[in-house]
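Worksheet: the structure to be examined is printed underneath.
The values are calculated or read from the model by the stated rules, or taken from the named source; none is laboratory data. These numbers were taken from a predicted model, which means no experiment stands behind them. Virtual Cβ from ideal backbone geometry, glycine too; neighbours counted across all protein chains shown. Ligands, DNA and RNA are excluded from the accessible area calculation, which covers all protein heavy atoms including side chains. Shrake-Rupley method; radii C 1.70, N 1.55, O 1.52, S 1.80 Å.
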Amino acid sequence: MSAGLAQSASNSVRFLLDGEQICASDLPPTMTVLEYLREIAHRTGTKEGCAEGDCGACTVVLGELAPDGAQVAYRAVNSCIRLLPTIDGQELITVESLQAPDGRLHPVQQAMVDNHASQCGFCTPGFVMSLFALYLHDAAPSRERVLESLSGNLCRCTGYRPIIDAGLRMGGYPPPANWSREAAGSSARLEALRSLRRQRPLKFPGFHAPRTSNELAAALAADPDAVLLAGGTDIGLWVTQQLRDLPSIIYIGEVAELKRIRSEAAGIVIGAAVPLTEGWAAIVSAYPQLTELAQRFGSPPVRNSGTLCGNIANGSPIGDAMPALIALGAQIELRRGEHTRQLPLERFYLGYQRKDLARGEFVVSVSVPAPRAGQRLASYKLSKRIDQDISAVCAAFAVEQQGTGIVAARVAFGGLAAIPARAHATEAALIGRPWTAETFESAAAALVQDFQPLTDLRASNAYRLQAAGNLLRRFHLEAQGSGTPLRTSELAVKQR
């Protein structure tokens, strides 16, 4: 590892750390940011807890220059599963970065001290970095925003109240000498990040970051067995948990065309490299009924790294995005070489971890149709924790009503089968029937024709079927009432 400008080095990872341009070379392509910080940079404030992006002890903040070069987006991510080459051209901020040269603490750190919010200490740096990311965006965050920003930090050894207090009060301190909101967007910082822009793609043995869709298609055609990497929230676990030796990696995060969201008359087109944070925001703007599902999908650090299309391509039977997308009739675009094709998302999944994806073919985008007149939509997730948990059942219902009758229905579930799937018998029990409790009781009874769920540590098969039916009943009751569904977290509070 060496520091310096090294502008011509196309095979070295370059990023900013405390204002210094770092040039990291001769490192394995699967080295994580956490490994680099602790073992190479000897910054041990960032901790390793779960090594799977769940506990938040490893949280750092990344700053990425906007395409127009006029501003920087700062976001918290899990460094334990973020591969180092994917932060090329970005700014890396660790808990050590926050303290001023004269030793004064950053307002986030001081608020943690003053509110006795340090817990045992091991997880505290991760909490600080999550709150720091919020601090850069919001001078006076609400309690709800503080809670959301901390949803990826799971330590409970002394409770959350003092930490929440710190998050609510951190904006009341004087601006820091280091890392104020003004300094984060300074011209000097912008210029330093602009200087990292590459003329040629980053490429070294085992890693290639194409810059265009054509380059990506050509690279994958030449090496069809390569691993396609987007945010790494799944592939990172192959490295840290399964200890796999990966083949060569082709990273899609530098392909400009895949980082775009397009709004069209037919709906929204979300590129394969668009982070979940932005992808969900675009979907929720069209379908506010999916707000809770978006907020409960992973955590802010997971959503800031992972991509919506990566979740689709992963093909997990419990991927929480798929039921809603299938219910809405989403389609994906696939490409292999020069050939592209469109495919309904529900037909992409052939069996457990089996997809209609040829060697050398990749997901380009997902298209989410525009809302339809008379359409009622809801999606529900059942899990043992409210935040950042794997669902036992995830359901989505898109039902069109004319007058008192149901004219169309798309019902999809995750967690009930080896793949996320539509419930065709259940849909048939709804279509052509009146919008009544009896109709939905018939639909709930038809679920047994659609699914034979398994029993695992999350839930039994009987629970899954009963819960799926109850979610159908809940959908009917909410639609009959105010039409505004209660958040699951609100239900939990009411039940207490």
remark   = Expressed in angstrom and rounded, the centroid-to-centroid distance over alpha carbons for the range 352-408 and the range 420-450 is 16 Å
query = How are the Cα pair distances of the range 122-198 distributed, in percent, across 10 Å bins from 0?
reply = 17, 42, 27, 12, 2
query = What's the FRET efficiency of Ala183 with Arg385 using the Cβ-Cβ distance as r and R₀ = 51 Å, to the nearest 0.05?
reply = 0.90
request  = Restricting to the range 177-277, compute how many DSSP beta bridges are antiparallel as a %, nearest 5.
outcome  = 60 percent
inquiry  = Before I look further, what does the range 127-222 give for accessible area per residue, probe 1.4 Å, in whole square angstrom?
reply    = 47 Å²
request  = Could you order Arg198, Arg38, Arg410 by accessible surface area, starting with the largest, using a probe radius of 1.4 Å?
outcome  = Arg38, Arg410, Arg198
note = Counting sequence-distant residues (5 or more places) and residues on other chains, those with an amide H built under 5 Å from that of Ala409 are Glu400
task = Could you sort 453-462, 247-256 so that the peptide with the highest average Cβ count within 10 Å comes first and the rest follow in order?
result = 247-256, 453-462
ask   = Is the range 327-477 best put as rounded, prolate or oblate by its Cα gyration tensor, with a ≥ b ≥ c the root eigenvalues, rounded for a/c under 1.5, and otherwise prolate when a/b is larger than b/c, oblate when not?
value = oblate
request  = Could you tell me the accessible area of Phe132 in Å² (1.4 Å probe, neighbours in place), rounded to the nearest ten?
outcome  = 0 Å²
query = Of the listed peptides 25-32, 107-114, what is their order by residue-averaged count of other C-beta atoms within 10 Å, with the highest listed first?
reply = 107-114, 25-32
note = With the 1.4 Å probe rolled over protein heavy atoms, the range 223-269 has an accessible area per residue in Å² of 51 Å²
request  = Find the Cα radius of gyration of the range 259-344, compare it with 2.2 N^0.38 Å by division, and give the number to two decimals.
outcome  = 1.06
key: In nm, spacing of pseudo-spin labels at Thr436 and Val448 (7 Å Cα→C-beta vector)   = 2.3 nm
note = Summing -39500 (n - 2.57) over every DSSP H run of at least 4 residues in the chain and dividing by its residue count gives a helix-only mean residue ellipticity at 222 nm, to the nearest 500 deg cm²/dmol, of -8500 deg cm²/dmol
task = Quote the relative contact order of the range 209-348 in percent (integer), defining contacts as alpha-carbon pairs under 8 Å separated by 6+ residues.
result = 21 percent
query = Which of the peptides 88-100, 172-184, 210-222, 313-325 is most tightly packed, and how do the rest follow, judged by the mean count of other Cβ atoms within 10 Å per residue?
reply = 313-325, 88-100, 210-222, 172-184
inquiry  = Ignoring solvent entirely, what values of log10 I(q)/I(0) come out of the Debye formula for the range 279-328 at 0.20, 0.21 Å⁻¹ when each Cα is a single scatterer?
reply    = -0.66, -0.74
message = If I take all pairs of Cα atoms in the chain, what percentage of them are more than 33 Å from each other?
response = 41 percent
task = Leaving ligands, DNA and RNA out of it, report the carbon-plus-sulfur percent of the accessible area of the chain at a 1.4 Å probe.
result = 52 percent
ask   = When the Cα centres of the range 108-134 and the range 216-278 are compared, how far apart do they sit, in Å?
value = 33 Å
note = For the chain, cysteines with no other Cys Cβ under 4.7 Å from their own Cβ are listed as Cys23, Cys120, Cys157, Cys309, Cys394
note = Cα extents of the range 197-303 per principal axis, largest first, Å, are 45, 35, 27
note = Computed over the range 205-284, the relative contact order (Cα-Cα under 8 Å, seq sep at least six) in percent reads 32 percent
Spin-label model distance (nm) - Leu343 vs Ile40, 7 Å beyond Cα toward Cβ = 3.6 nm
request  = May I ask you to give the solvent-accessible area per residue for the range 377-448, in square angstrom, as obtained with a 1.4 angstrom probe?
outcome  = 35 Å²
key: Length-normalised contact order of the range 85-196 in % [C-alpha pairs under 8 Å, at least 6 apart]   = 38 percent
